[in-house]
Amino acid sequence: MAPTFFSVIGKGGSAMAATLARSGMIALLAAGLAFPAAAGHLDVPNLFASVCGFCHEDGGRHAGKGPQLMNTERSDDFIRKRIREGKRGRMPAFGRMFSDEDIDEIIAYIRALKPREQASTE
Ligand code: HEC
């Protein structure tokens, strides 16, 4: 699994690969690869705490290197395509890492995102 992902990053742009390597992100990505198998289903919050959260900050609630995902106006199809294919030089393609069901779970997670304040002051 890992070599595929790293070769995708290589194609995406060496600047990003260097950024990821510098930050120790490679280790986090490798850890992230273990989640789907270990949990039986995808642990999306964990995925966002590690792999996706590197660019989509605070679990996707805030923009970072990538856009905010909470309250996105993108369609499910757009989100599915972006996760599968990535964006050259900006976001790695994750198509080989996730099944259709995994991506359904990611979309459900994104749709259910709420601001932290709302979640903690019940
Ligand atoms: C290396 C940084 C990076 C990582 C890691 C990353 N993304 Fe992204 N993501 C981006 C960037 C940059 C964009 C905007 C691409 C563009 O220009 O359209 C984006 C766009 C998206 C979009 C579309 C949002 C929109 O409004 O256009 C979704 C959904 C998304 N990412 C989900 C994910 C998920 C899920 C993961 C983890 C499996 C992930 N991303 C990991 C950088 C990243």
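Laboratory data are not the source of any read-out in this text; all were calculated from the coordinates shown. None of the values given here were measured: they were computed from a predicted structure. Positions of Cβ are backbone-derived with ideal geometry, glycine not excepted, and every protein chain shown enters the neighbour counts.
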(request) Quick one: count up the residues across the stretch 100-115 that are within 16 Å of G86 (Cα to Cα), in contact (Cβ under 8 Å) with a residue 60 or more places away in the chain and not charged (D, E, K, R). (result) 1
(request) Could you list, in sequence order, all residues of the stretch 72-92 that are near the ligand (Cβ under 10 Å from one of its atoms) and part of a loop (DSSP other than H, G, I, E, B)? (result) T72, E73, R74, G86, R88, G89, R90, P92
